[in-house]
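A quick write-up on the structure given underneath.
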Ligand code: ADP
Ligand code: ZN
């Protein structure tokens, strides 16, 4: 008898032992079905020494495994990645494993359906209807119902033909194979700079060794074409590639470019997939048929059969940080996966994060630079509009120079983009009479007016309500006013100023599905939109050659965040949105509206001197021993009961260990003191880089206990401080 040590898909449980009999031969990585009480759970066989169990169960008490799935086992590098992720981010291995096995239907044997086609034999008895049916069906194949429609006869006629042998049944797998992208499909001629970089990454794919790259090129420099050459090399070697994108909305434009380069579409993986699509993609990834997978961060943990390359596009994007469930950073886990798989990883960005730049600076990552835009396109000219000296008219948000620039573009039939990182119509609604402000009942947040949907909505928990006719406080009628602008309000302003302009709003509300994002791109490309008003969603990846004007409505918004990365993020966002202008033959122009034109970030954007801005930011981080020079971990305590949250937070604060090179701040109420009806307290751990802060936190929190309704989450390398 063999013992099987199994990690079940239940985050509350450690690995359990089972009995594997002769019919159920298993090895580490085998995906199995195991009994747990009256239930049956999927799990993966694991090495005992890697994830030891708390107690040994005697052989005679072991329950037998129910089944071993007929799919390739989870390979060792991925098992190590799951362990590393669980360890580093203080998550349970089962919670990470769930991301590897997100679809139980994918594990069932290949599914088939029965289709029908002509057998070539003539039926013994021919009728007019039968003759018509066989003639019209010809070589076609389908369900009985489908064939009846094609032939324009009743289903009974088709069934009769099946009985007579003139039509035969065929078994078809619905897991239809994926077409293989063609690396030799005609590629564009690369510039010298591109060629050089492409050669180096191509070599690295060939070398089959861990090699991290930072592909750092200004917006529009053709980074995609460069890493496509690395993808082509992986295809030639028959190996798989994973391309991670920060947003589902970016998938559509990527698919088009990919198809143009390789003649076929890649396999897509994201949260919006239907169950059948998910199943088909997972099986193809696991069998190796899916050669190139493009996906959101969850694609990172899938069981690739033979991964040869990982690309993280727009690698600076903070949306790679997962803020729910397992709190991991996909960029960092991607590098770790590449290391464990012994393959190259390419982080592509025009505005790399300081963490990434630092890795390049100390020589851990190879930096590849693209210094000019493709085809001689110039970077846009950038100027500021000082809102103090050049304010917008009362009740308006666009200052006169921006309005004039917009008018010019409309005259010239060029496209414009107005950037404001605020969804909805107005971020705050208040009563003019009594000053009452509309707050979410579940969160420390204002209700945001969405005029298009005619709702007030909380952006944290989704709570929404119709805009009330009267103030709930003083009962005054029609006294509510919208304060401040959101994208909808800017779109209204454009419509009022230029009634003939065709305006589109681009936010996660309006481009919520890949199909809607695709439609938006099509309308932009067809010139059916004159002005886009968008949030951070439009700062990424898009390439619209006719777009020549970018207006940043409120640059100060990004500066006010106050956290560690506020200035860096503000720089990245404005540099990225500016990078959408003038990508074709016409020059681009950017106007930045701000109250502080002298802020270092704004000065750096104007002068184009990113290097000294980054140098100053990096130095400030070094002095503060902030990441990447030191580490942070946040401990977030939440409960529906205020006193339970504060008591637990105090307990954790009181028991914080004295460790050389580590300091604990808090507890204090979180800036988002209430979220989804839960009261929140935070502690921030600041530690020296060399300290194993995860182990310290495990030893610290491990022995503590708190009431059942309290949740304690540890956010290692936090990006949100709310
Ligand atoms: P980035 O990702 O660096 O912002 P892109 O890869 O989107 O830049 O390239 C910008 C535009 O230039 C795209 O339309 C791309 O197809 C085009 N392009 C880049 N390199 C080449 C090339 N060598 N030949 C033809 N077109 C190119
Ligand atoms: Zn809320």
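Points to keep in mind about this one:
- Scan of segment 458-489 for residues that are more than 16 Å from ligand 2 (Cβ to nearest atom), in contact (Cβ under 8 Å) with a residue 40 or more places away in the chain and under 28 Å from residue 675 (Cβ atoms), ordered by number: 471, 473, 480, 481, 482, 483, 484, 485, 486, 487, 488, 489
- Yes/no for residue 627 being exposed (fewer than 14 other Cβ atoms within 10 Å of the Cβ) and in a loop (DSSP other than H, G, I, E, B): no
- The condition of being surrounded by fewer than 18 Cβ atoms within 10 Å (Cβ to Cβ) and more than 15 Å from residue 100 (Cβ to Cβ) holds for only one of 35, 28, 11, that being 35.
- Test result for residue 521, outside any loop (DSSP other than H, G, I, E, B) and away from ligand 1 (no atom under 16 Å from the Cβ): no
- Hits in segment 261-281 (condition: assigned to a loop (DSSP other than H, G, I, E, B) and either within 18 Å of residue 105 (Cα to Cα) or more than 18 Å from the chain's Cα centre (by Cα) (or both)): 263, 264, 265, 270, 271, 272, 273, 274
- Of the candidates 261, 274, 239, the single residue that is touching a residue at least 40 places away in the same chain (Cβ under 8 Å) and more than 15 Å from ligand 1 (Cβ to nearest atom) is 239.
- Qualifying residue in segment 99-116 (condition: farther than 30 Å from residue 32 by Cα and modelled with pLDDT of 80 or more): yes
- Test: residue in segment 43-62 that is in contact with a strand residue (DSSP E or B) (Cβ under 8 Å, 6 or more places away or on another chain), assigned to a loop (DSSP other than H, G, I, E, B), at pLDDT below 90 and closer than 23 Å to residue 99 by Cα: yes
- Enumeration of residues in segment 304-332 that are surrounded by fewer than 22 Cβ atoms within 10 Å (Cβ to Cβ) and either within 26 Å of residue 207 (Cα to Cα) or within 16 Å of ligand 2 (Cβ to nearest atom) (or both): 305, 306, 323, 324, 332
- Residue 547 being away from ligand 1 (no atom under 16 Å from the Cβ) and touching a residue at least 12 places away in the same chain (Cβ under 8 Å): no
- Of residues in segment 125-139 being closer than 15 Å to residue 168 by Cα and in a loop (DSSP other than H, G, I, E, B), the one modelled with the highest pLDDT: 138
- Matching residues, segment 179-198, being loosely packed, with under 15 Cβ neighbours inside 10 Å and either away from ligand 1 (no atom under 11 Å from the Cβ) or assigned to a loop (DSSP other than H, G, I, E, B) (or both): 179, 182, 184, 185, 186, 188, 189, 196
- Residue match in segment 214-225 (condition: surrounded by 15 or more Cβ atoms within 10 Å (Cβ to Cβ), within 38 Å of the chain's Cα centre (by Cα), on the phi > 0 side of the Ramachandran plot and in contact (Cβ under 8 Å) with a residue 12 or more places away in the chain): yes
- Filtered by the rule that a residue be surrounded by 15 or more Cβ atoms within 10 Å (Cβ to Cβ) and farther than 13 Å from residue 169 by Cα, segment 140-149 gives 146, 148.
- Boolean, residue 535 is closer than 26 Å to residue 549 by Cα and either at pLDDT below 95 or more than 16 Å from ligand 1 (Cβ to nearest atom) (or both): yes
- Of the numbered criteria (1) free of Cβ contacts under 8 Å to residues at least 12 places away in the same chain; (2) under 38 Å from the mean Cα position of the chain (by Cα), the one residue 128 fails is (2).
- Number of positions in segment 282-297 that are outside any helix (DSSP H, G or I) and over 18 Å from the mean Cα position of the chain (by Cα): 4
- Residue in segment 632-648 that is touching a helix residue (DSSP H, G or I) at 6+ places or on another chain (Cβ under 8 Å), free of Cβ contacts under 8 Å to residues at least 60 places away in the same chain and either under 22 Å from residue 354 (Cβ atoms) or surrounded by fewer than 21 Cβ atoms within 10 Å (Cβ to Cβ) (or both) present: no
- Test: residue in segment 553-573 that is within 16 Å of ligand 1 (Cβ to nearest atom), touching a residue at least 12 places away in the same chain (Cβ under 8 Å), farther than 20 Å from residue 719 by Cα and touching a helix residue (DSSP H, G or I) at 6+ places or on another chain (Cβ under 8 Å): no
- Checking each residue in segment 333-365 for being more than 16 Å from ligand 1 (Cβ to nearest atom), under 24 Å from residue 85 (Cα atoms) and not in a helix (DSSP H, G or I) picks out 342, 343, 344, 345, 353, 364, 365.
- Selection status of residue 455, within 14 Å of ligand 2 (Cβ to nearest atom), farther than 19 Å from residue 673 by Cα, touching a residue at least 12 places away in the same chain (Cβ under 8 Å) and more than 26 Å from the chain's Cα centre (by Cα): yes
- When we screen 97, 90 for residues that are part of a loop (DSSP other than H, G, I, E, B) and in contact with a strand residue (DSSP E or B) (Cβ under 7 Å, 6 or more places away or on another chain), the only hit is 90.
- Failed item in (1) within 16 Å of ligand 1 (Cβ to nearest atom); (2) out of contact with any strand residue (DSSP E or B) (no Cβ under 6 Å at 6 or more places or on another chain); (3) modelled with pLDDT of 90 or more, with residue 617 passing the rest: (1)
- Breaking point among (1) away from ligand 1 (no atom under 16 Å from the Cβ); (2) part of a strand (DSSP E or B), for residue 590: (1)
- Pair list, Cβ < 7 Å and 6+ apart or interchain, from segment 178-195 residues that are more than 30 Å from residue 279 (Cβ to Cβ) to residues that are within 16 Å of ligand 1 (Cβ to nearest atom) and part of a helix (DSSP H, G or I): 187/261; 188/225; 190/198; 190/225; 191/374; 194/225; 194/226
- Between 230, 249, the distinction of being assigned to a helix (DSSP H, G or I) and modelled with pLDDT of 95 or more belongs to 230 only.
- Remark: residue 703 falls outside the filter, which requires a residue to be surrounded by fewer than 14 Cβ atoms within 10 Å (Cβ to Cβ) and either in contact with a strand residue (DSSP E or B) (Cβ under 8 Å, 6 or more places away or on another chain) or assigned to a strand (DSSP E or B) (or both).
The values are calculated or read from the model by the stated rules, or taken from the named source; none is laboratory data. Since this is a predicted model, take the numbers as computed values, not measurements. Every residue, glycine as well, gets a Cβ built from its backbone with ideal geometry; the counts of neighbours run over all protein chains shown.
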